[in-house]
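Working notes, beginning with the structure itself.
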Amino acid sequence: MEFKRKNKTQLLSKIATNDRHGENSPYFDGWKAYDNNSFHPTQNPNGVIQMGLAENKLCFDLIKKWIMENPEASICTAGGVDKFKDVAIFQDYHGLKEFREAIAKFMGRVGGNKVIFDANRIVMSSGATGANEKIMFCLADPGDTFLVPSPYYPGFARDLRWRTGLEIVPVDCKSSNNFRITRAAMEDAYEKAQKWNLNVKGIIIANPSNPLGTTLDIATMRSLVAFVNEKNIHLVCDEIYAATVFDSPRFVSVAEVIQDMDCCNRDLIHIVYSLSKDMGIPGFRVGIVYSFNDDVMLCARKMSSFGLVSSQTQYLLASMLSDDGFVGNFLRESSKRLAKRHYVFTKGLEQVGISCLTSNAGLFFWMDMRPLLKEQSFEGEIELWRVILNEVKLNVSPGSSFQCFEPGWFRVCFANMDDETVEVALNRIRAFVLDRENQESNRSKLCWRKKHLRLSSSSTRLYDETIMSPCMISPHSPLVRAKT
């Protein structure tokens, strides 16, 4: 049996059999638990509620309405079937001109029209996963390293490392300054990589942050750009949550920041974008690489053959994103709905004493569960996570799976469920916290009783041993009175 297993492994490539995918993580284990026992309000009300998947399901009604009002945008309807042949045979890896123009315009609008994006620099990819891997293939060789501010998206282990052979060195960010990316932290990570004889090729950030749900301020962005310019390394900005901002400060793209920096080498700056989060359509697999480096752009476009966006999808989205009225209404309404859902969740947690990092973007928040840890360690965090997953039946993601520097933080996704499921989830959390408090209270009372019983017992022994003979009881003793 062992021979067969070894022989089977030898038949496969090292990429196929290595463990760099990152699947062996609580982040993905939670998904598996949900898949095996999914919550349903009537068919499985005691199942696991999925709060570990960053999906945006709050605005499907707006998209559905637009599609019904614009049947000609789809080649699979009577109104658009006349375009079926032209669209179906289109396979240029540059992509439909209308699609690239619509995406460039949308990216500009999401950033407040502070930047005009060049449609000729829009390079397609199959989702942000493919886009992140593609830019890594363009910028680095196997064994090279990228710095990544932590906590960071667990999927980066797969997207950046698995097939490229790259390494990741975390830039440790701390709760004491709300997990801000500091120059000192970047320098520390860079020096560590050098001590380990790793060739640092760049730094990749997510703005807005996943899992923090925060946007980077202009000062931090300038610091990042200055850092990569001094080290002559690349800066990749993952901006896939750009349109999920629901509170101030506004989102600022790196494309806007470098406009005002005279000493910036733009060849080092690259953007990854997608419609999966902002529009809530991950199944459409729309990923974008946008680079200010001509050589990177040309190389990435060649690689597009391995992960294109279907021409049918391009055709539909080109029409949808060119509708200024729809786009404006969608962005406004999405922001309102995200803000409302975020408020309902965080206020509900606040009522039972659970605090969260102040955030203004994303489809999740960063929940502080440190007071509920039995011990302040990553072992204590995983123990608490198992209880929440297996007993409370909520799939929330522990901070250690995001390479968080401190134990006790959890990412909670809030936009992938309906209002009724939100209430069920909040009720489960409330019941769990109250039960924990009762357990602690009972434990404290028990400890108090044991302590006083020991004191009472010790006092009795002292009385018997120092004053009375062990064989003799005073007639005035309460023990004698108790017998009568």
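The values are calculated or read from the model by the stated rules, or taken from the named source; none is laboratory data. As the structure is a computational prediction, the values presented were derived from the model and not from experiment. Every residue, glycine among them, receives a Cβ derived from its backbone with ideal geometry; neighbour counts consider all protein chains shown. The area values use the complete protein model at the heavy-atom level, side chains included, leaving out ligands, DNA and RNA. Shrake-Rupley method; radii C 1.70, N 1.55, O 1.52, S 1.80 Å.
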Using Cα positions and a limit of under 18 Å, work out the aspartates and glutamates in reach of residue 347, with same-chain residues fewer than 8 apart set aside. 247, 368, 418, 419, 420, 423
Trypsin sites (Lys or Arg not before Pro) within the range 132-212: DSSP coil, no more than 15 neighbouring Cβ in 10 Å: 174
Of the listed links 64/340; 85/302; 65/393, those spanning more than 28 angstrom between alpha carbons are 65/393
Sorted by packing (mean other beta-carbon atoms within 10 Å per residue), highest first, where do 89-96, 337-344, 357-364 land? 357-364, 337-344, 89-96
DSSP beta bridges in the chain: the antiparallel percent, rounded to 5, is 50 percent
The chain - accessible surface per residue (Å², probe 1.4 Å): 50 Å²
Any chance you could give the angle, 0 to 90 degrees and rounded to 10, that helix 294-303 forms with the longest Cα principal axis of the chain? 80 degrees
Mind checking Rg over Rh on the range 172-217, alpha carbons, Kirkwood formula for Rh? 1.02
How compact and how long is the chain, expressed as Rg and Dmax of its alpha-carbon atoms in Å? 28.5, 112
Could you work out [θ]222 nm for the chain from helices alone, using -39500 (n - 2.57) per DSSP H run of at least four and dividing by all its residues? Round to the nearest 500 deg cm²/dmol. -13500 deg cm²/dmol
Sorted by mean Cβ packing within 10 Å, highest first, what order do the peptides 313-323, 406-416 take? 406-416, 313-323
Any chance you could give the angle, 0 to 90 degrees and rounded to 10, that helix 183-195 forms with the longest Cα principal axis of the chain? 90 degrees
How much FRET efficiency would the formula 1/(1 + (r/R0)^6) give for residue 116 and residue 438, where r is the Cβ-Cβ distance and R0 is 56 Å, rounded to 0.05? 0.40
Which shape class, rounded, prolate or oblate, goes with the range 12-94 when its Cα gyration tensor gives a ≥ b ≥ c as root eigenvalues, a/c under 1.5 marks rounded, and past that a/b bigger than b/c marks prolate? oblate
Rounded to the nearest 20 debye, dipole of the chain from Cβ charges on Lys, Arg, Asp, Glu: 1600 debye
Measure off 7 Å from each Cα along the Cα-to-Cβ vector at residue 329 and residue 419, then give the distance between these two points in nanometres to one decimal. 2.0 nm
Whole Å is fine, so just give me how far the alpha carbon centre of the range 7-76 lies from that of the range 256-274. 33 Å
Taking 223-235, 138-150, 108-120 and ranking on average Cβ neighbours within 10 Å, highest first, one gets 138-150, 223-235, 108-120
Could you tell me how far the Cα centroid of the range 367-427 sits from the Cα centroid of the range 119-134, in Å? 32 Å
A 1.4 Å probe over the protein heavy atoms gives the chain a carbon and sulfur accessible-area percentage of 53 percent
Local electrostatic count, residue 157, Cβ distance below 13 Å [Lys/Arg +1, Asp/Glu -1]: -1
Summed residue charge, Cβ within 9 Å of residue 273's Cβ, Lys/Arg positive, Asp/Glu negative: -3
Candidates per GluC sites (Glu not before Pro) in the range 303-375, loop by DSSP, up to 15 other Cβ within 10 Å: 375
What ranking of 60, 402 comes out by heavy-atom accessible area, probe 1.4 Å, highest first? 60, 402
Kindly state, as a whole number, the per residue volume in cubic angstrom of the convex hull around the alpha carbon atoms of the range 310-408. 153 Å³
For the range 150-307, treating each Cα as an identical point scatterer without solvent, what Debye log10 I(q)/I(0) comes out at q = 0.11 1/Å? -0.45
Among residues other than residue 417 whose Cβ falls under 11 Å from its Cβ, what is the net charge (Lys/Arg +1, Asp/Glu -1)? -3
Roughly how tilted is helix 26-36, in degrees to the nearest 10 and between 0 and 90, from the longest Cα axis of the chain? 90 degrees
Cα extents of the range 254-342 along the principal axes, largest first, in whole Å, come to 40, 34, 25
Using alpha carbons only: equivalent-ellipsoid semi-axes of the range 1-148, gyration tensor based, whole Å: 36, 28, 20
